[in-house]
Amino acid sequence: MHTRWRDLSRGERGVAIGLGAVQGALALLAWADLASRPAALVRGRKPVWAAVIAVNIVGPILYLRRGRTFPRIP
């Protein structure tokens with residue numbers, strides 16, 4: 001059984017919109033970081049990470065936590 005948008009309560013709609021906004025913001029942040037970060041500072045291949053970021057809310061979080069490296073400061 002599929003739940004339709006019109007069947008959701010006002011609160012449920014708000015939660016869905018909020019989660020969608022968080023997911024979109026995280027994805028934009030992750031893609032912007034990936035685009036501006038040199039390949040040497042990315043764990044793995046950039047095209048693979050670009051695809052991973054597109055996977056729901058988990059992809060951007062995974063990239064931001066595990067996909068990036070930072071230059072060592074002496």
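The list (1) 6.7; (2) 6.0; (3) 5.6 gives values of mean projected area of the Cα convex hull in nm², and only one came from this structure; which label was calculated from it?
(1)
Counting only residues 5 or more places away or on other chains, whose amide H sits under 5 Å from the amide H of R37 once H atoms are built in the peptide plane?
Hits under the 5 Å cutoff: none.
Per DSSP H run of at least 4 residues, take -39500 (n - 2.57); add these up for the chain, divide by its residues and hand me the 222 nm value, nearest 500 deg cm²/dmol.
Numbers: 3 runs with 40 residues, N = 74.
Calculated from helices alone, the mean residue ellipticity at 222 nm is -17000 deg cm²/dmol.
As an exercise, use a Förster radius of 22 Å and the Cβ-Cβ distance of R66 and D7 to find the FRET efficiency, rounded to the nearest 0.05. Present the calculation step by step, with values, prior to reporting the outcome.
Values: r = 38 Å, r/R0 = 1.71.
So, using R0 = 22 Å, E works out to roughly 0.05.
Every number here is computed from the coordinates shown, using simple stated rules; none is lab data. The structure displayed is predicted, hence computed values, not measured ones. Counting neighbours? That spans all protein chains shown, and the Cβs are built from the backbone with ideal geometry, glycine included.
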